[in-house]
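Comments concern the structure below.
Just so it is clear, none of the values below were taken in a lab; they were calculated from the coordinates. Quick caveat: nothing in here was measured; it's all calculated off a predicted structure. Cβ sites come from the backbone with ideal geometry, for glycine too, and all protein chains shown count toward neighbours.
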Amino acid sequence: MKITITGKGMKVGDQLHRRIEEKMSKFDRFFGNEAGTHVTVRPERDQKCIDVTMKVHNHYYRAETVADDVFTALDQAIEVIEGQIRKYKTRMEKRIHDYAYMKEYLKAFPGEEEAPDEKKIVRIKRFDLKPMDAEEAVLQMELLGHSFLLFSDNATRKVCLVYKRKDGNYGLIEPGP
């Protein structure tokens, strides 16, 4: 597994680097070179925040945790990712052709097959995509009182999405080339 470790606003020491690689090695034996993981460590006030994003094939698993010390935050992030995999185990098994790489890993959780209440699409909404720029899309989103808005970009004619971030700022998602 390829692991990228980044420190934002702090240096990641050798001990933490080794600990991250050690903790992520449990996934390595199941996913091998097919997986890539990006770990970001940053201070958040007087605590430490760890963001772990694991990509296996086209599926992403993500956890962000905050704790008093960085090692506790790392342990919690690994637990969150394992919990995501356990929680959706039966759903993954139903679509095993999409999650074939997970077969071996899912066998490690034999007694935990209780699936959460099956979520399903209960409403479909259709609307015309209006051509506009990102600034106008933000304005429209605010006027509608929504947390996101899908729109067609004036310049590129591609479908884009603007969304409100937790910090009160806005984000823009654009399709690749």
- Task: Would you please put 167-174, 50-57 in order of how densely packed they are, using the mean number of other Cβ atoms within 10 angstrom per residue and starting with the highest?
- Result: 50-57, 167-174
- Query: Counting Lys +1, Arg +1, Asp -1, Glu -1, what net charge surrounds F151 among other residues with beta carbon under 14 Å of its beta carbon?
  - Reply: -4
- Using the structure shown, select from K2/K125; K2/K158; K2/K48; K11/K87; K23/K120; K87/K164 the pairs with a Cα to Cα distance greater than 29 angstrom. K2/K125; K2/K158; K11/K87; K23/K120
- Local electrostatic count, P131, Cβ distance below 11 Å [Lys/Arg +1, Asp/Glu -1]: -1
- By the C-alpha gyration tensor axes a ≥ b ≥ c (rounded if a/c is under 1.5, else prolate when a/b exceeds b/c, else oblate), the shape of the stretch 131-173 is prolate
- For the stretch 20-29, in residue order, the Karplus 3J(HN,Hα) values (coefficients 6.51, -1.76, 1.60; θ = phi - 60°; whole Hz; Gly and Pro = x) are 5, 4, 5, 5, 6, 5, 4, 7, 4, 5
